[in-house]
Amino acid sequence: MDFSPKGKSADTIEQRYFTVDQQRKFDLLVALLKRESPEQAIVFCRTKRGADRVNRRLSQKIKGVDCIHGDMQQRVRDRVMKQFRAGATTILVATDVVGRGIDVTNISHIINYDLPQSSDDYVHRVGRTGRMGREGIAFSFVTPEQGNELTRIEMLINKLLVRDELAGFQAVEQAAPPQQAPDEEAEKKPLPPGPRPTKRHRRAM
């Protein structure tokens, strides 16, 4: 399989996305992991600090969680990967720097907690699952402002990601209904212009 930036993501990998507010990502992550019960999963974060924070919070909720990123000493990274390959660690929180070097056949799920800096990195991330002809699934958390980033990924892989939702979980805060004008003059007053959502925004919201 070709996981180079010019190659498409593997056909054996199902790819979905959630539209979610930034402040609700962690709760969505916990709920998704409980729903999916992955054999093994990698949760990708953009920054080392973000990976540490997600690892710390997730370890309080779920067993078998560990973290790996570029600021760790090599001996620590080796220990973390040994535990992951042995199956002692179920959920590995990682950054892109070390993510490309992870080659474990039992990874069933990839979760893009943060969208990557570049669309090419998305292909490398997703390529960590679906190894050796196995089926895999990748989820991406997309904030309402990241519609264009999602579109760029879809253009690169020549595939539309399927929108997913968790039953009973409100991932995006609903906009408050407009208040009725207190008098006739207020009703006639035009609303100030606001940001126009892109076509992708309207689809993702």
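The values are calculated or read from the model by the stated rules, or taken from the named source; none is laboratory data. This structure is a prediction, so every number in the text was calculated from the model and none was measured. Neighbour counts are summed over all protein chains in view; Cβ atoms, including those assigned to glycine, are modelled from backbone coordinates with ideal geometry. Ligands, DNA and RNA are stripped out before the accessible areas are found, and what is left, the full protein with its side chains, is counted by its heavy atoms. Shrake-Rupley method; radii C 1.70, N 1.55, O 1.52, S 1.80 Å.
Remarks
- 17 Å tail of the calculated P(r), the range 42-134, as % of Cα pairs: 45 percent
- Theoretical gain in end-to-end length, Gln60 to Glu14 [0.36 nm per residue, Cα-Cα removed]: 13.7 nm
- Taking every protein chain into account, the accessible area of the range 1-137 amounts to 49 square angstrom per residue (probe 1.4 Å).
- Estimated inter-spin distance, Ser118 and Thr47, nm [label 7 Å along Cα→Cβ]: 2.1 nm
- Per-pair calculated FRET efficiency, R0 = 35 Å: Glu173 and Asp103 via Cβ, rounded to 0.05: 0.35
- Viscosity 1.002 mPa s, temperature 20 °C, Stokes-Einstein D of the range 75-115 from Kirkwood C-alpha radius, µm²/s: 195 µm²/s
- Taking packing as the residue-averaged number of other Cβ atoms within 10 angstrom, the listed peptides 143-155, 65-77, 108-120 run from highest to lowest as 108-120, 143-155, 65-77.
- If the segment from Asp164 to Arg79 were pulled out straight at 0.36 nm per residue, it would be longer than the present Cα-Cα gap by 27.1 nm.
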